[in-house]
1. Would you kindly state how much longer the chain becomes between Ile104 and Glu217 on full extension, computed as 0.36 nm times their sequence separation minus their alpha carbon distance, in nm to one decimal?
2. What percentage of the solvent-accessible surface of the chain, computed with a 1.4 Å probe over protein heavy atoms, is contributed by carbon and sulfur atoms?
3. Rounded to a whole number of µm²/s, how large is the Stokes-Einstein D of the range 2-72 at 37 °C and 0.692 mPa s, given Rh as the Kirkwood radius over C-alpha pairs?
4. Could you state the accessible area per residue of the chain in Å², with a 1.4 Å probe and every protein chain left in place?
5. Quick one: angle between helix 43-59 and the longest Cα principal axis of the chain, in degrees between 0 and 90, rounded to 10, please.
6. Calculate for the chain the 222 nm mean residue ellipticity that helices alone would give, adding -39,500 (n - 2.57) per DSSP H run of length 4 or more and normalising by residue count, nearest 500 deg cm²/dmol.
7. Considering the Cα positions of the range 266-331, please state its Rg to one decimal place and its Dmax as a whole number of Å.
8. Taking DSSP loops as anything outside H, G, I, E and B, show the longest stretch in the chain free of GluC sites (Glu not before Pro) there with at most 10 other beta carbons within 10 Å.
Amino acid sequence: MKLVSYKTEDREHLGIFIDGHIYNLNSCDKLLPDNMSMFLQGGEVLMERAKRIDDQIKEGSLAAKEEIFYEILAPVPHPTSCRDGYAFRQHVAAARRNRKVDMIPQFDEYPIFYFTNHNAIQGTGEIECMPDHFDKLDFELELSIVIGKKGRNIKAAEADEYIAGYMVMNDMSARTLQMEEMLLNLGPAKGKDFSTVIGPWLVTPDELLQYKVAPKEGHIGNAYDLKMTCRVNGIEVSKGNAADMDWTFAEIIERCAYGVDILPGDVIGSGTVGTGCFLELNGTGLLNDPNYKVQWLQPGDVVEMEITGLGALTNTIMKADTDFSILALKK
């Protein structure tokens, strides 16, 4: 089942996406809420009701009315929190190699994450960036999950049961801001907090069973053979696979939930797949060729990320009409 959030006029709604069409869930079953937040809080009971509607529409036994005029939103427009992990060893190793530092051994000891701005979640469409963001503006190609039930001190062996669904994620990054603040051993903050993109819909775990593979040796949890690509202005710049995650989402959840509650509506990103950002690609290119032409996102660029089974997430990069700069405020 593919769950979508969308807007008609000034109201947000919850629907299911079937063969290119959107159907409002509440109009099919009045016991289903008309927004994603309340739906996720209802847990497995509401999820099963929605799946029955999904099955009935696909079978043709329910004549649901298709939505016509709407604006697609992020599948989870108002997440309770947003964390981002660091699960792909290939990306971490390449980034460190490009900086001419050794691979950090702690990567293989425990999964890590940081909190980003859950109020800056966006879906398909335009991303407006400030002038400072365009000082080395970058994409990050990621897989993400949303939590479907409350939990605390969850063991990795049980953690996949807490996943309501999967989404494509683009962790937008302003590299100059990010690198400056991280010199002080804090962050990332301003380099990341302006936009995190998820979508185009939330895909329930049952749809990914056909892609299930074994996790990396020594790891616990579900893993999936999902091709991941990013195109900028129609040109493929990045490709990887979700099966290359060294730390599974189950293991990341185990760490997230240690001593604290995870809640329905929490979003967690995988971290960048290998080759999944210009920072890594530029660094590798310059390492191999000092004359390599580096690339960063520019106003008007169209970024399209696609993951097997999860659809394509497309955004157009726009520049805000202002010259206000915090980089210019440095003492």
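The values are calculated or read from the model by the stated rules, or taken from the named source; none is laboratory data. What you are looking at is a predicted structure, and each value in this text was computed from that prediction instead of being measured. A quick note on method: Cβ atoms are made from the backbone with ideal geometry, for glycine too, and the neighbour counts reach across all protein chains shown. To get the accessible areas, we keep the full protein, side chains included, count just its heavy atoms, and leave off ligands, DNA and RNA. Shrake-Rupley method; radii C 1.70, N 1.55, O 1.52, S 1.80 Å.
1. Full-extension gain reported as 38.8 nm.
2. Accessible surface attributable to carbon and sulfur in the chain totals 51 percent.
3. In µm²/s, the coefficient rounds to 271.
4. 48
5. Compared with the principal axis, the helix lies near 70 degrees.
6. Counting only the DSSP helices, I get -5500 deg cm²/dmol.
7. In order Rg, Dmax, the Cα atoms of the range 266-331 give 16.2, 49 Å.
8. For GluC sites (Glu not before Pro) (loop position, at most 10 other Cβ atoms within 10 Å), the longest site-free span of the chain is 218-331.
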